[in-house]
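Read-outs throughout are calculated quantities, based only on the coordinates presented, and are distinct from any laboratory measurement. In this text, all values refer to a predicted model and were calculated from it rather than measured experimentally. Here Cβ is always computed from backbone atoms with ideal geometry, including for glycine, and neighbour counts include all displayed protein chains.
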Amino acid sequence: MNNLREIWGNRFVHYMTELQKYMRFVFTGHLAIVLLFTIGAGGYAYSEWLKEVPPGFPSAIIAAILIGAAVSIGSPVTLLKPADIVFFLPMENKLEEYLKRSLRYSLFSQLPIPYILFIVLLPLLAATDVAGKTQFILTAVVIFLVKWKYVETEYYYRRANEGEGIWKDRLVRFVMAALLFYAMLVGITYLYPLLPLIGVLMSVYYLFWKKRSDANPFPYEHFITLEQNRMMRFYRFANYFTDVPHLKGSVSRRAWLGFLMRPAQFGQMSPQQYLLRRTLVRTDDIFWLWVRLTALSVLGVVLIPFPIVVYIFIGALAFASSIQLVHALRAGDDFRMDMLFPEKESTRGPAIRKTVSGVQLLQAISVLVAGLITVGISVTPVIMAAIVFIVSEVTIRASNEKTEEA
C-alpha cells in the first residue's frame, strides 16, 4: 500500500469506526436527558438575562475573546502511528499529500466550536446593538478564514519547533484574532484600518513558520505522541460511559483524604465497602469526575439567578453523577481485590449503592452550603439539597434494579 491517499482513507475509516463504536454508548438515554435539561435551563436563564442586560455591557469584547480563543486552540489530527517512523521514510517526499488531508479534516472537525459560540453570542450582540446583519455575516466568513490559516499555522509551528512553546504561539495568534474580531464587531470607523493590518500580520506569521518548518525534518515522534495523547483523552472520556478494554486509568493515593477511609480492622464486616471507598477516592478518573460535576453544581447555585433553573440544573448533574459513579464502580478489571474475600458476588451491588449514596450526600451538602451563602437562610437551599439527594437515590436504586433484572 504505497499510495498515501489510500493509507489516509483507510485510517480515516478506521478512526471514524472507532469513534462511532464508543460514541453510541456516550449519547445514550441518560446523557441525552442531562443535556436536554442543562441546555434548556441554560437557554432559559440566558434569555431572561438578555431582557435586563445593560446597554453598555462589553459584549463585543467578550465575543472577541471567546471566538478568538476558540479559533486559536486546536491541534492537528494526523492519525499517525508509531510504526510510521519507519514505514513512511521511503515515502517522505510524498508526505505532504497525506498531511493535506489531515489538515483539511482538522479544519472541518474544529470549526463547529467557534461557530456554536458565535451563534450563542449573536442574541447578546443584537441586544446591546453592537453590530448589524452585514457585520455578522462578514464575521462568520472571517471565522472560517482565520481558523483555516490557524490550523495550518499551528501545524507548521509544531513542525518547526517539535511542539515546544506551543502556548506562546497560541497566545500570539489569540491576540491577533481577538483584535480582528473586536474591530469587526464594534463598528467604530477608526478601527477599520486595523482589519487589513491584522490580516497582513497573520499572513506574515503564517509564512514565517511555514518557511522555518521547511528547513527541518518532519518530527514524527512529536506528532505521533500528540495523536496518541488525543486518542487517550477520547478513551478516558468514553470510559465514563462504557468499558474501554485497552485503557488503564491512573491512581493516586490522596493521603489528604485519609480521614474519609477508616483503617482496616480484623473481622471487617463490609470488605466490599472498604474496597469501593478506596477505589472511588484513589482512581483519578472516578474521583475527578465526581469533583467536576459537584463543582458545576455549586457554580450553578452561585451564578444562576433563577431558582427553577437551578433546580433543573443541579438535578440533571446529580443524575449524571449517580449513574456514572454506579457504572464506574460496577465495571472493574478481570481481577479485583474483593475476589480474595470469601464473600458472595451479590454483596457488591448493595455496597456500590451505599458508597455512591454517601458521596452524593456530600454533593447535596455542598449544594446546601453554597445555597445558604448565596441565598441566605431560607427554604430554597434546603429544596436544592433535597433535589440532589432524591434524584441521586432514585437513580441509584433504578440502576441497581436494572442490574438485578439483567
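Could you work out how much longer the chain between I119 and E162 gets when fully extended? Use 0.36 nm per residue separation minus the Cα distance between them, nm to one decimal.
On the way: separation 43, 0.36 × 43 = 15.48 nm, distance 3.50 nm.
Full extension of this stretch gives 12.0 nm more.
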Rounded to whole Hz and in sequence order, give me ³J(HN,Hα) for the range 57-71 from the Karplus expression 6.51 cos²θ - 1.76 cosθ + 1.60, θ = phi - 60°, writing x for Gly and Pro. 5, x, 5, 5, 5, 4, 5, 5, 5, 5, 5, x, 5, 5, 7
How large is ³J(HN,Hα) for each residue in the range 216-232, as worked out from phi by the Karplus curve 6.51 cos²θ - 1.76 cosθ + 1.60 (θ = phi - 60°), to whole Hz, x for Gly and Pro? 10, x, 5, x, 4, 4, 5, 6, 5, 4, 4, 5, 5, 5, 5, 5, 5
So, by mean Cβ neighbours within 10 angstrom, what's the order for 306-317, 131-142, 43-54, 291-302 with the highest one leading? 306-317, 291-302, 131-142, 43-54
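Run the numbers for V200 and R233: contour at 0.36 nm per residue of separation, minus the present Cα-Cα distance, in nm. Kindly include the intermediate steps, with their values, before the conclusion.
Numbers: separation 33, 0.36 × 33 = 11.88 nm, distance 3.57 nm.
Result for the pair: 8.3 nm of gain on full extension.
Considering the convex hull of the alpha carbon atoms of the range 106-162, report its projected area averaged over all viewing directions, in nm², one decimal.
Values: hull surface 17.9 nm².
Spelled out: convex hull of the Cα atoms, projected over all directions, averaged, 4.5 nm².
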Got a sec to turn the phi values of the range 155-168 into Karplus ³J(HN,Hα) couplings, 6.51 cos²θ - 1.76 cosθ + 1.60 with θ = phi - 60°, whole Hz, x for Gly and Pro? 4, 5, 5, 4, 5, 6, 10, 6, x, 6, x, 5, 6, 5
Compute the semi-axes of the equivalent ellipsoid of the range 136-194, taking the square root of 5 times each eigenvalue of the Cα gyration tensor, and list them largest first in whole Å. 27, 13, 7
